[in-house]
Amino acid sequence: MNAHMMHTAQGAASVIPQKFRRPDPAPPGPMQPGKFRLARLSEISGVELGTISNWTSRRIWNRQTSGEGKHRRFGFWDCLHLAIIREMASLGMQLSGRGAILSESLLACAKAHVGWDGDLNSLPDRIALYALDDEREWMMDWQTPRPQLPRSYVVLNLRAVVEDVNQRYHVVAQNNI
């Protein structure tokens, strides 16, 4: 008898379930060195310079840079974070307070999926965002079927946002060769 097969009472064969093993190597760290100045950050993220300045002063986007003064540099994840905030704004979502926390959570979700798999295939294309009442944080859900979601929710296509930024990132990188 094959070691991987077990016979059931009805005579049909079934496969013994294998334990899940995390793929090697481990996911890369979330930070990468900054490559772009502010103008390129704006171009790749699709957010105007004035809006970036506004979001920075309102603490919607926490500008973490490498470099000092006029020589600040930004990386891919900075571009993606601004694009996520841009998408939230287009959906009419709150951007400060809990909205800022939510944008960071969406960024962390993208980093985890891309870092784990090394590609965009496992990124959810439908994330339902909802708050059950004024006391709770926003919830992110990409597994519950639509009829079982709360009455009011917003759908954000995280995969499309990442693909958009990824495409712009590569266009800018090719133009700078």
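Using the Cβ of Asn157 as centre and a radius below 11 Å, the other residues enclosed give a net charge of -2, where K and R count +1 and D and E count -1. A straight chain from Ala160 to Asp117 at 0.36 nm per residue would run longer than the Cα-Cα distance by 13.8 nm. Report the gain in length on full extension from Asp125 to Thr56: 0.36 nm times residue separation, minus Cα-Cα distance, nm rounded to one decimal. Full extension from Asp125 to Thr56 adds 22.1 nm. Temperature 25 °C, viscosity 0.890 mPa s: under these conditions the Stokes-Einstein estimate for the range 79-177, based on its Kirkwood radius over C-alpha pairs, is 171 µm² per second.
One chain, two ends: Val171 and Asp141. Fully extended at 0.36 nm per residue, the span grows by 7.6 nm beyond their Cα-Cα distance.
Read-outs: derived from the displayed coordinates by stated rules, not from any lab. Note that the structure is a prediction, hence the values are computed from the model and not measured. Don't worry about glycine lacking a Cβ; one is built from the backbone with ideal geometry, like all the others, and counts go over all protein chains shown.
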